[in-house]
Amino acid sequence: MPGTLTRPELTAADRCDRCGAAAKLRAVLPSGGELLFCGHHARAYEAGLKDVQADLQQDEQ
């Protein structure tokens, strides 16, 4: 039986897709794509991401 696929934790090398700052949130879209956002842009786009039912994965640090 195949295992569940998981995405790796965010690292210092992961950058925001909007501004290039350190990524704090991964948004996995229903289509399978993903977007990375810094804290500022995560807050700015959170409502819209929830509207499209994106899976939001917050950085633990």
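Values computed for the structure shown
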| quantity | calculated |
| --- | --- |
| Separation in nanometres of the label points that stand 7 Å from Cα toward Cβ, at Ala47 and Arg18 | 1.3 nm |
| At most 16 other Cβ within 10 Å, DSSP loop - trypsin sites (Lys or Arg not before Pro), the chain | Arg18 |
| Where the chain is the region considered: accessible area per residue in Å², 1.4 Å probe | 73 Å² |
| Theoretical ellipticity at 222 nm over the chain - DSSP helices of four or more residues, -39500 (n - 2.57) apiece, nearest 500 | -7000 deg cm²/dmol |
| Heavy-atom accessible surface of the chain: percent carbon and sulfur, 1.4 Å | 52 percent |
| Nitroxide proxy distance, nm - points 7 Å out along Cα→Cβ at Asp55 and Leu29 | 1.6 nm |
| Assigned charges on the beta-carbon of Lys, Arg, Asp, Glu; the chain dipole about Cα centre (debye) | 120 debye |
| Relative contact order %, the chain, counting alpha carbon pairs below 8 Å whose residues are six or more apart | 31 percent |
| Qualifying GluC sites (Glu not before Pro) in the chain, DSSP loop, other Cβ atoms within 10 Å at most 10 | Glu60 |
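The values are calculated or read from the model by the stated rules, or taken from the named source; none is laboratory data. Bear in mind that the values here come from a model prediction, so they are computed numbers and not experimental data. With ideal geometry, Cβ positions are generated from the backbone for all residues, glycine too; neighbour counts draw on all protein chains shown. Remember, those area values only see protein heavy atoms, side chains included, never the ligands or the DNA or RNA. Shrake-Rupley method; radii C 1.70, N 1.55, O 1.52, S 1.80 Å.
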